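Data block below; observations after.
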Amino acid sequence: MPGMSKAELFEVVVNAVGESGWNVLYIAPPSTHPFHMQIYREEEGYRLRIYIWTLTHERSTDETHNGLALCTLHHRAYDQALITMDEDYAVVFNEAQAVELGRLGLAAGVEKFKENLRSEILVPDALSDRPHVDYIRLANRIRGWP
């Protein structure tokens, strides 16, 4: 698949969100990065920052099913291997990493963070836009998850 620009990939994400029944409100112009938006439907709403990074792993692609839309807090927790998801999109918390953060004096708020985690991530309605199982496995392996 030929590479897409960040703006083109962001447009694909916004379209997938809209097709899943969410309304999108831009908080900053779509030309800024990270992309800032609010998604909402009925009484539920989330404020998101979407970061699109240069693809650096040799098996990485710019397909939408090789990505996650995470808020800043969860993005950092994901990058630090504090959380991940399994092949059924269930959120998994890394107790060993939480202990290590405590040892380093960096665990303030970790228990509250854990208590407030959803049991699973919200995924687009379109199966083709959901994180693909092969990419979930690869990302977890890269981050040291079993």
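Here, each number is a calculation from the coordinates, and none is a lab measurement. Note that the structure is a prediction, hence the values are computed from the model and not measured. Every residue, glycine as well, gets a Cβ built from its backbone with ideal geometry; the counts of neighbours run over all protein chains shown.
Working note: Karplus 6.51/-1.76/1.60 with θ = phi - 60° gives region 15-29 the couplings 4, 5, 4, x, 5, 8, x, 9, 8, 10, 10, 6, 8, 10, x Hz, where Gly and Pro are set to x. Here's the picture: charge each Lys and Arg Cβ at +1 and each Asp and Glu Cβ at -1 in the chain, and of Phe113, Leu101, Tyr46 the one pushed furthest to the positive end of that dipole is Leu101. Charge dipole of region 6-142 (Cα centre as origin; +1 on each Lys and Arg Cβ, -1 on each Asp and Glu Cβ, all else neutral): 540 debye, rounded to the nearest 20. Our coupling estimate for region 91-101, obtained by passing each phi through the Karplus curve with A = 6.51, B = -1.76, C = 1.60 and θ = phi - 60°, is 6, 10, 9, 9, 4, 4, 5, 5, 4, 4, 4 Hz, Gly and Pro reported as x. Exposed loop sites are taken as GluC sites (Glu not before Pro) in a DSSP loop (any state but H, G, I, E or B) with at most 12 other beta carbon atoms within 10 Å; the longest stretch of the chain without one runs 88-146. Principal semi-axes of the equivalent ellipsoid, √(5λ) from the alpha carbon gyration tensor of the chain, are 26, 19, 15 Å from largest down. Note on Glu120/Glu63: beta-carbon distance plugged into 1/(1 + (r/R0)^6) with R0 of 25 Å gives a FRET efficiency of 0.70. Just to be sure I understand the curve: with the Debye formula and one point per C-alpha of region 6-54, what is log10 I(q)/I(0) at q = 0.15, 0.24 Å⁻¹? One equal scatterer on each Cα of region 6-54 leads to -0.36, -0.88.
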